[in-house]
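**Student:** One structure, pasted below without further comment.
Read the figures in this text as sums done on the coordinates, not as results from a lab. Being a predicted model, the structure only gives us computed values, none of them experimental. Cβ: placed from backbone, ideal geometry, glycine included. Neighbour counts: every protein chain shown.
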Amino acid sequence: MEGTMKVCVMTGARKMEWTEREIPQPKKGELQIKLEYVGVCGSDLHFYDEGRLANWVPEGPLVLGHEPGGIVTAIGDGVEGFAVGDKVAIEPGVPCGQCEDCLNGHYNLCKHVKFMAIPKEKDGVFSEYCTHEASMCFKLPENVDTMEGALMEPLAVGMHACELSNAKIGETAIVLGCGCIGLVTIMSLRARGVSEIYAVDIMDKRLEKAKEIGATRVFNSKTEDIVEFAKTLPGGGADQVYECAGNRFTTLQTCKLIKRAGKVTLVGVSPEPILELDIATLNAMEGTIYSVYRYRNLYPTAISAVASGAIPLKKIVSHVYDFKDCIEAVDYSLNHKDEVIKSVVKF
Ligand SMILES: [Zn+2]
Ligand SMILES: [Zn+2]
């Protein structure tokens, strides 16, 4: 496709506007994709709210959106295995493929990665079309649609957390925070055969959803104390604890929730960079802490898991907005966190 397209750009804190741009043409090794669905992520909300995300500060307009699903509309030179009309999920980070981290397989840690909607890396996909490295695009099977394709991105985060910590059949897990990432973590745990999953949040709507997708029991921490509950579990705690809320209180709670030799996985990132963790408790338990940065090598597995029915991925979606209402999608999601679990933009 050639011509111009509509693009929604962030120009500052709480400022998004519409612009027209040339439709990008695929270079060697790239695909051109017409977007069909893009998920609205917590990091998009942070950017919109504060005009920046941690140390990432845009110097000019930035296109947000990094959870894309779409249809191939043109194919660059040297690309094999794709045809115009293919449905694809797009992995938003393009690593260099050459550095030590890439060669060791943990390309999510590549220092030269170009990730969508990150300043100085790559624009996001709140736009009608994009181009992307074909090697980071994944064909969707017949029974997986492009909305699910878009949601592969957050799912990959949850799956990566469960792989790092090697959550196993028969184990018990506590998940702190039931936003999008908490929910995909619960789905991944369930698909791996973890038998008891205890989900914690302060918003009832999220807890209802956690229950619906497979949590064994849910706890509203405004009225129930998960630390007291964990003491009643066999061994005095869970095998696995996942912090998915990204806040100080829950991060500090994690070490009190594991049983001996249990594992803590920090999936969310607390806005305060330095916290006083209870290392003595952790040490006495011989606990392990994992930290999670995005994901790697997971899109094919994530797509198969959804295709097989093991992961009911669409259930996390609470709001769907037309692309013309993209600004409202972001604004509403930011200001109604008690109500919005996951928004997606539909093109
Ligand atoms: Zn995301
Ligand atoms: Zn690299």
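**Student:** Label point 7 Å out from residue 283 along Cα-to-Cβ: which residues of the range 227-254 have amide N under 20 Å?
**Tutor:** Within reach of a label on residue 283, which here means backbone N under 20 Å from a point 7 Å along Cα→Cβ, the range 227-254 contributes 252-254.
**Student:** 222 nm [θ] for the chain, helices only, -39500 (n - 2.57) per DSSP H run of 4+, per residue, to 500? Walk me through the numbers on the way to the answer.
**Tutor:** On the way: 10 runs with 91 residues, N = 347.
Calculated mean residue ellipticity at 222 nm is -7500 deg cm²/dmol.
**Student:** Okay, next question. Which whole-number percent gives the relative contact order of the range 157-291, counting Cα pairs below 8 Å spaced six or more residues apart?
**Tutor:** Details: 290 pairs, mean separation 30.1, N = 135.
This gives 22 percent for the range 157-291.
**Student:** Still on this structure, please answer the following. Expressed as a whole number of Å, what is the distance separating the alpha-carbon centroids of the range 1-23 and the range 203-263?
**Tutor:** 41 Å
**Student:** Over 27 Å between Cα atoms, which of 222/259; 211/342; 122/315; 15/111; 28/111; 34/111 qualify? Don't skip to the answer; put the middle values down first.
**Tutor:** On the way: 222/259 24 Å; 211/342 16 Å; 122/315 29 Å; 15/111 29 Å; 28/111 23 Å; 34/111 29 Å.
Correct reply: 122/315; 15/111; 34/111.
**Student:** Tell me, Kirkwood radius of the chain from alpha-carbon pair distances, in Å?
**Tutor:** Values: mean 1/r = 0.0484 Å⁻¹.
It is 20.7 Å.
**Student:** Name the aspartates and glutamates eligible as straight-distance cross-link partners of residue 205: C-alpha to C-alpha under 14 Å, and not fewer than 8 places from it in the same chain.
**Tutor:** Within the straight-line cut-off, residue 205 pairs with 338, 339.
**Student:** Starting from the Cα gyration tensor of the range 1-119, take the square roots of the eigenvalues, sort them a ≥ b ≥ c, and report rounded, prolate or oblate (rounded when a/c is under 1.5, otherwise prolate if a/b is larger than b/c, else oblate).
**Tutor:** Numbers: a/c = 2.03, a/b = 1.15, b/c = 1.76.
Because a/c hits 1.5 or more and a/b fails to exceed b/c, the range 1-119 counts as oblate.
**Student:** Evaluate the relative contact order of the chain (contact order divided by residue number), counting alpha-carbon pairs under 8 angstrom at least 6 apart; express in whole percent. Mind showing how you got there, number by number?
**Tutor:** Working: 819 pairs, mean separation 58.8, N = 347.
Relative CO of the chain lands at 17 percent.
**Student:** Okay, next question. Rounded to the nearest 20 Debye, what is the dipole magnitude of the chain about its Cα centre when Lys and Arg each give +1 and Asp and Glu each give -1 at the C-beta? Mind dumping the intermediate values first?
**Tutor:** Numbers: 37 positive and 47 negative charges, 127 e Å.
Charge dipole of the chain: 620 debye, to the nearest 20.
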